[in-house]
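**Q** Below is a structure I'd like to ask you about.
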Amino acid sequence: MVITGASGGLGLALAKCYLNRGATIAAMARRSDPLQKLSSEFPGRVYGYSVDVRDAEALEKAACDFIAREGYPDIVIANAGISVGTLTEHAEDIHAFEQVMDINVLGLVRTFQPFLAGMRQAGSGTLVGIASVAGFRGLPGSGAYSASKAAAISYLESLRLEMHESGVKVVTICPGYIKTQMTSVNPYPMPFILEADEAARRIARAISKQKAFAVIPWQMGLVGGLLKALPRWAYDRLFANAPKKPRGLLG
């Protein structure tokens with residue numbers, strides 16, 4: 001397996017979930033210390049790569065190293081992502097928009113690309129993209145994050161069609177709220193929030209079933225479906241003055 005963003009939060013929970021089931025994992029993240037700790041907890045089954053998903057060359061080098069050692073992975077989970085409060089009226093927030101889109105959208109592309117040709121040739125494997133319920137509708141103060149996750153959902157759908165009948169499956173996971181550093185700064189209620197370990201178990205179950213699209217937990221799927229069905233005038237009235245994530249707080 002390959003998992004990006006594996007140094008903390010959901011990525012680390014996913015890595016431990018699969019390691020406890022006997023998997024061998026390429027754990028990729030910017031921070032090396034948590035990767036070394038993970039490797040010491042599961043000796044011989046963790047390949048730690050300190051890479052940034054914005055660096056296509058570094059990702060390809062890590063992928064080639066892992067393939068040379070273990071062969072093509074059965075599952076690649078593109079999990080790395082960030083969230084930050086943004087407001088378009090502030091010129092200094094443009095850089096935050098660029099960062100969020102680069103990591104949350106192009107990071108998926110850079111993660112999958114080194115593995116695709118070999119997986120297609122083998123006619124097997126599963127590519128998993130972590131999107132979000134936040135991609136269903138635009139949220140105030142979260143223009144960058146909502147846009148990035150909406151783009152991720154559409155990109156993963158396109159990729160699924162490209163892989164149709166190749167033997168390579170594409171799974172889109174849209175989590176709701178998960179207790180991580182990313183959500184710790186949110187100044188608003190977070191219904192149906194899950195512990196990271198529980199979210200990882202549910203996501204692993206959805207992946208094993210090779211669901212094309214899954215919302216975790218299922219209750220957020222109902223909420224998301226309702227929000228998508230709301231006419232614009234009703235959605236605007238309900239959410240125009242909703243609490244916003246503080247600007248400049250990366251998670």
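**Q** What does the charge dipole of the stretch 10-160 about its Cα centre add up to, to the nearest 20 debye, if the Cβ of each Lys and Arg holds +1 and the Cβ of each Asp and Glu holds -1?
**A** 580
**Q** Per the helix-only calculation at 222 nm, which mean residue ellipticity applies to the chain, given -39500 (n - 2.57) for every DSSP H run of n ≥ 4 and division by its residues, nearest 500 deg cm²/dmol?
**A** Calculated from helices alone, the mean residue ellipticity at 222 nm is -14000 deg cm²/dmol.
**Q** Roughly how many debye, to the nearest 20, is the charge dipole of the stretch 76-147 about its Cα centre, given +1 on each Lys and Arg Cβ, -1 on each Asp and Glu Cβ, and no other charges?
**A** 460
**Q** Can you list the aspartates and glutamates whose alpha carbon sits under 15 Å from that of LYS228, skipping same-chain ones fewer than 8 residues off?
**A** Cross-link targets: ASP236.
**Q** Tally Lys and Arg at +1 and Asp and Glu at -1 over the other residues with C-beta under 12 Å from the C-beta of PHE42: what net charge comes out?
**A** Surrounding charge for PHE42 is +3.
**Q** With a bin width of 10 angstrom, please list the P(r) values of the stretch 87-221 as percents of all Cα-Cα pairs, from the 0 bin to the one holding the largest distance.
**A** The calculated distribution, bin by bin, is 12, 38, 34, 14, 2.
**Q** Follow-up. Do any of LYS61/LYS211; LYS149/LYS209; LYS169/LYS209; LYS179/LYS211 go past 20 Å between their Cα atoms, and which?
**A** Check vs 20 Å cut-off fails for LYS61/LYS211; LYS149/LYS209; LYS179/LYS211.
**Q** Another question, then. Using a Gaussian network model of the chain whose springs link C-alpha atoms within less than 10 Å, name the residue from PRO140, PRO43, PRO34 with the highest mean-square fluctuation.
**A** Result: PRO43 has the largest fluctuation of those listed.
**Q** Rank by packing, highest mean first: peptides 4-15, 152-163, 236-247, with packing defined as the count of other Cβ atoms within 10 Å averaged across residues.
**A** The packing order, highest mean first, is 4-15, 152-163, 236-247.
**Q** May I pose another question? Where the only charges are on Cβ atoms (+1 Lys, Arg; -1 Asp, Glu), what is the dipole of the stretch 74-239 about its Cα centre, to the nearest 20 debye?
**A** My answer is approximately 640 debye.
Laboratory data are not the source of any read-out in this text; all were calculated from the coordinates shown. Quick caveat, the model's predicted, so the values are computed rather than measured. Heads up, the Cβs are rebuilt from the backbone with ideal geometry, glycines too, and the neighbour counts pull from every protein chain shown.
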